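Here is the structure we will look at, set down as structure tokens.
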Amino acid sequence: MRYLLFILLVGSVATYSCSTTKQQNSQQETDQLEAKISIKPIIESSDSLQLLFTVYNRTKEPQKFCKWHTPFERTMSKYLDIKNENGIEAAYTGAMAKRIMPPPADSYIEVLPGDSLQIKAGIFKDYTLVESGKYTITYNSEQISGLVVKDSVSFIYNK
């Protein structure tokens, strides 16, 4: 009987802590900036590879994000993963800057409540697509910028 009470007590504590963690995670998600990436569905080799990057502040407070590893600064890092349908990654040929931590104050951009920021980024100059096919782009720098990008985007490249 004593073991049964112990098991029930441990189970109750575990359940409570999990539900508290879920509530905290849910609150954190609503306190974050969200970004979306989009691109034309079909890209010819003569086209420019223009990525549209939009940051949304759906909170009731001004929010800031670090512009490092985003298109809001000139390319200084590999912030995108571009892979073909076989999982082969496009070669990144752009700059790779070393950074001081923590980022200085001028590295942050503020987004007002209910507002959004948008920028187009030409990424052909930084990534080499070797062959035709379907490619998927994923944002890989959420930990640095503080932006949450939930979805990847795909396009067909015709060389």
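Of all residues in the stretch 90-134, those satisfying the criterion of being β-branched (Val, Ile, Thr) and either surrounded by fewer than 11 Cβ atoms within 10 Å (Cβ to Cβ) or at pLDDT 90 or above (or both) are Thr93, Ile100, Ile109, Val111, Ile119, Thr128. Screening the stretch 46-118 for strands (runs of 3 or more DSSP E) wholly inside it with 1 or more residues that are closer than 23 Å to Lys134 by Cα returns the ranges 50-56, 80-84. The set of residues in the stretch 102-138 being of a type in the set (A, V, I, L, M, F, W, C) and either more than 20 Å from the chain's Cα centre (by Cα) or not assigned by TED's automatic domain parsing to the domain that holds Ser45 (or both) consists of Ala105, Leu129, Val130.
Here Tyr157 meets the list (1) surrounded by 18 or more Cβ atoms within 10 Å (Cβ to Cβ); (2) free of Cβ contacts under 8 Å to residues at least 40 places away in the same chain; (3) not basic (Lys, Arg) almost entirely, failing just condition (2).
Here is the figure for the stretch 83-137: residues that are basic (Lys, Arg), touching a residue at least 24 places away in the same chain (Cβ under 8 Å) and over 16 Å from Lys67 (Cβ atoms) total 3.
Here Glu34 passes the criteria (1) surrounded by 13 or more Cβ atoms within 10 Å (Cβ to Cβ); (2) at pLDDT below 85; (3) acidic (Asp, Glu) except the one numbered (2). Scanning the stretch 63-89 for residues that are aliphatic (A, V, I, L, M), within 17 Å of Tyr157 (Cα to Cα) and surrounded by fewer than 20 Cβ atoms within 10 Å (Cβ to Cβ) yields one hit, Ile88.
Per the conditions (1) of a type outside the set (Ser, Thr, Tyr); (2) touching a Lys or Arg at 6+ places or on another chain (Cβ under 9 Å); (3) within 21 Å of Ala35 (Cα to Cα), the sole criterion not satisfied by Leu80 is (2).
The values are calculated or read from the model by the stated rules, or taken from the named source; none is laboratory data. These numbers come from a predicted model, not from an experiment. When we count neighbours, we look across all protein chains shown, and the Cβ atoms used for this are built from the backbone with ideal geometry, even at glycine.
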